[in-house]
1. How many of the residues making up the stretch 259-279 are surrounded by 15 or more Cβ atoms within 10 Å (Cβ to Cβ) and under 24 Å from the mean Cα position of the chain (by Cα)?
2. Filter the stretch 214-238 down to the residues that are open to solvent by 70 Å² or more (accessible area, probe 1.4 Å) and either at pLDDT 55 or above or within 16 Å of ligand 2 (Cβ to nearest atom) (or both) and list them by number.
3. So, in the stretch 60-98, exactly how many residues are of a type in the set (Ser, Thr, Tyr) and under 16 Å from ILE181 (Cβ atoms)?
4. Any residue in the stretch 46-72 that's small (Gly, Ala, Ser): show its pairings with residues that are modelled with pLDDT under 95 and open to solvent by 10 Å² or more (accessible area, probe 1.4 Å) at Cβ separation under 8 Å, as long as the two are six or more apart or on different chains.
5. Can you go through ALA71, ALA52, ALA14 and tell me which one is aliphatic (A, V, I, L, M), assigned to a helix (DSSP H, G or I) and loosely packed, with under 14 Cβ neighbours inside 10 Å?
6. Within the stretch 138-187, restricting attention to residues that are part of a loop (DSSP other than H, G, I, E, B), open to solvent by less than 20 Å² (accessible area, probe 1.4 Å) and of a type in the set (Val, Ile, Thr), which residue is nearest to ligand 2 (Cβ to nearest atom)?
7. Counting only residues that are touching a helix residue (DSSP H, G or I) at 6+ places or on another chain (Cβ under 8 Å) and either small (Gly, Ala, Ser) or under 21 Å from ASP246 (Cα atoms) (or both), which one in the stretch 280-304 is surrounded by the fewest Cβ atoms within 10 Å (Cβ to Cβ)?
8. Within the stretch 32-79, can you find the residues that are near ligand 1 (Cβ under 9 Å from one of its atoms) and of a type in the set (Gly, Ala, Ser)?
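The values are calculated or read from the model by the stated rules, or taken from the named source; none is laboratory data. This structure is a prediction, so every number in the text was calculated from the model and none was measured. Neighbour counts are summed over all protein chains in view; Cβ atoms, including those assigned to glycine, are modelled from backbone coordinates with ideal geometry. Just the protein is used for accessible areas: all its heavy atoms, side chains included, with ligands, DNA and RNA removed. Shrake-Rupley method; radii C 1.70, N 1.55, O 1.52, S 1.80 Å.
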Amino acid sequence: MKDRFTTKIDTSIASAVDYLTQDEVVAIPTETVYGLAANALSEKAVLKIFEAKNRPHFNPLIVHIKDWKEAEKYSSFIHPYIQQLALAFCPGPLTFLVPKKDCIPDLVTAGSPYVALRVPNHNLSLSLLQAVSFPLAAPSANPFGYVSPVSAAHVWQGLDGKIPYILDGGDCTIGLESTIIGVEEDALVVYRVGGISIEAIETCIGTKVVLKTHQDQAPHTAGQLKSHYATHTPLIMGNPLDLYTDYANKKIGIIAFHNTYAELAVAKVWTLSPSKDLSEAATHLFRTLRKADTYDLDIIIAEHFPDQDLGRAINDRLHRAQALFK
Ligand code: TXA
Ligand code: MG
């Protein structure tokens, strides 16, 4: 697509409201990643999201609402598990897949009878949602397939000229996309691991969840394509001490949890949390993947993180990043 706009970056909510009410798209900050927002009730506006991102139309969009109380406007049925989790975690990095009402265009859900609803936990976005009379459809504000943006500058790098406005809300505090859940046959199902851990969900509802995170085309998970979040530089997961010797003559970068690998003669090591805090590591992950891409490396070696709490979401994103190169 040819560039249509001189993209502005600013903190004015009024400007964002102006663009959105004219059916334009605006990048907005959330606690997880930046979103590319448009009026969810306007097909014309939603089409522009797909265009700017170069995103396939079969990949549905999350609808952002200002308050969980709004959910009943857009959904015909809220299961008790969903209600319980919404009360515990809204606003926050949890997205609920629920049966949709007719007011949500099919374009938003890619023809599915379910809509994904989320209340973002970010002051600017909540103020914006309160200032407009419609909910906001928003995927992550990156060109399709690349690492999600966690700052206004990241959005600009990917979408300059493609959108009129970026609402600058600073760095995202969670740094990973929301967890996506739904209910199938009275079981709580997790479709994407993300900013709310499985442990926290299970504690809240008092029962185990079912994981369905790696199906490319299951009915409820149209968009969970494997080759997502990819760096341009090939990325491989494993133990850097083993893999290092396989890439002896290459320019290597390592993404590590808490180790510094000072003993290895590599171009660069990024240690995501010296104090072994998985939430801190998650916050730094996407920023680090983007930085690693600017180092002209031959290969990025990423450690496996502990498979617990936000470590699961980190491993999921790294797996998807390496899928392209397998
Ligand atoms: O944290 C987040 O969730 C961010 C911020 C901006 O809210 N959004 C985000 O959007 O990550 P996106 O489009 O990059 O990922 C949304 C995922 C996609 O995999 C999509 O397929 C799935 O949610 N999804 C959305 N609506 C759906 C629906 N009706 N049925 C099944 N999957 C859906
Ligand atoms: Mg995305």
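1. 7
2. Correct list: HIS214, GLN215, LYS226, HIS232.
3. Number satisfying all stated conditions: 3.
4. ALA52/MET1
5. ALA14
6. Checking each candidate, the answer is VAL147.
7. HIS304
8. Scanning the stretch 32-79 gives GLY35, ALA37.
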